[in-house]
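The values are calculated or read from the model by the stated rules, or taken from the named source; none is laboratory data. Predicted, not measured: the structure shown is a model, and the values here were computed from it. As a convention, Cβ positions derive from the backbone with ideal geometry for all residues, glycine included, and neighbour counts pool all protein chains shown. Side chains included, ligands, DNA and RNA excluded: accessible areas come from the protein's heavy atoms. Shrake-Rupley method; radii C 1.70, N 1.55, O 1.52, S 1.80 Å.
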Amino acid sequence: NATLTVAGDVNPQQVITMVEKYFGPIPKGPEVKNLPKDKVVLDKDRYISYEDKVVYPMIQFNIPTVPTYHPDEAPLDFLANILSGTKNSIFYQKFTKTNIAVEAYTFNFTSELAGRFLIGVKIDPKMTTLPKADSLVRAALVEFEKKGPTDDDLKKYKVSIEKDVYASLESVSGKASSLAAYQTFTGNANYLKKDLERYAKVTKADVMRVYNTYIKNKPGVIISVVPKGKPEMKAKDDTYVYKKPDLTAVKESDEYKN
């Protein structure tokens with residue numbers, strides 16, 4: 001469950017000798033088994049709010065999607081970029097350009113076991129309210145659905161992806177990090193080519209398919225962040241209360257202690 005990558009102007013045989021010297025004596029730890037990638041299912045929207053030291057209230061939609069390296073990860077990334085990644089995007093035009101929001105974004109966040117599609121709008125309270133922003137987000141998605149992505153949308157994001165990947169490999173540490181990550185999460189240190197290919201193959205139909213599958217009319221966890229002492233500014237009354245797990249009864253196993 002550990003990956004060591006050594007990058008730079010080195011002698012491979014010397015590296016192997018040193019790795020065996022410094023890491024070889026370390027005893028093997030407990031077996032680490034892969035956890036199941038259970039699909040996250042919500043039966044309805046969950047509204048949660050909290051107060052913080054903020055000037056601009058925010059509403060954020062968190063919609064369950066897919067884990068990293070899932071076949072639908074790439075088209076979901078395209079969807080997020082098309083919705084808010086440029087000045088021609090619908091979220092920029094509807095929220096930022098009109099000064100309704102000081103920030104509006106969409107992002108497909110994935111991790112090893114699960115993923116979520118984020119839609120966030122940080123409003124100017126002089127221009128609108130969080131309940132209104134809630135409705136405007138839903139209306140923006142409907143408008144996007146009618147128009148859909150364009151060939152130019154896809155072309156620009158594909159170029160951007162390729163540029164960012166190559167930029168990340170300019171440094172020695174970037175190359176090492178890439179090799180280590182691919183080896184750890186895919187079992188193939190040379191997965192880079194396949195990774196680029198899955199983005200190069202995304203079509204307009206793929207983008208609309210994942211929109212309809214994961215986003216359209218799908219429930220999510222909707223968070224309101226409001227200034228201290230102003231709970232009335234939240235988008236809706238809370239319908240869910242997050243309870244922190246009680247970890248006091250959790251004990252380390254003898255195997256772990258050893």
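Evaluate the following for residue 136: is it within 20 Å of residue 217 (Cα to Cα) and open to solvent by 40 Å² or more (accessible area, probe 1.4 Å)? Judged against the criteria, residue 136 is a match.
Residue selection: residue 59 satisfies the criterion of being in contact with a helix residue (DSSP H, G or I) (Cβ under 7 Å, 6 or more places away or on another chain) and either outside any loop (DSSP other than H, G, I, E, B) or of a type in the set (Asp, Glu) (or both).
In region 101-116, the residues that are farther than 16 Å from residue 38 by Cα and open to solvent by 20 Å² or more (accessible area, probe 1.4 Å) form Cβ pairs under 9 Å with partners that are assigned to a strand (DSSP E or B) and of a type in the set (Gly, Ala, Ser), at six or more places apart or across chains, as follows: 103/120; 105/120; 107/120; 109/115.
Kindly check whether there is at least one residue in region 75-85 that is open to solvent by less than 70 Å² (accessible area, probe 1.4 Å) and either over 19 Å from residue 204 (Cα atoms) or free of Cβ contacts under 8 Å to residues at least 60 places away in the same chain (or both).
In the first step, residues of region 75-85 are kept if they are open to solvent by less than 70 Å² (accessible area, probe 1.4 Å); the result is 75-85.
Within this subset, residues satisfying the condition of being either over 19 Å from residue 204 (Cα atoms) or free of Cβ contacts under 8 Å to residues at least 60 places away in the same chain (or both) are 80, 84.
Among the residues of region 75-85, at least one is open to solvent by less than 70 Å² (accessible area, probe 1.4 Å) and either over 19 Å from residue 204 (Cα atoms) or free of Cβ contacts under 8 Å to residues at least 60 places away in the same chain (or both), which makes the answer yes.
Taking region 199-215 as the range and being surrounded by fewer than 19 Cβ atoms within 10 Å (Cβ to Cβ) and among the hydrophobic types (A, V, I, L, M, F, W, C) as the test, the residues that pass are 200, 205, 208.
Just to be sure before I move on: is residue 124 farther than 23 Å from residue 217 by Cβ and surrounded by 13 or more Cβ atoms within 10 Å (Cβ to Cβ) in the structure I sent? Considered against the rule, which asks whether it is farther than 23 Å from residue 217 by Cβ and surrounded by 13 or more Cβ atoms within 10 Å (Cβ to Cβ), residue 124 comes out as yes.
Evaluating residue 191 against the criteria (1) within 18 Å of residue 3 (Cβ to Cβ); (2) in contact with a Pro (Cβ under 6 Å, 6 or more places away or on another chain) leaves one unmet condition, (2).
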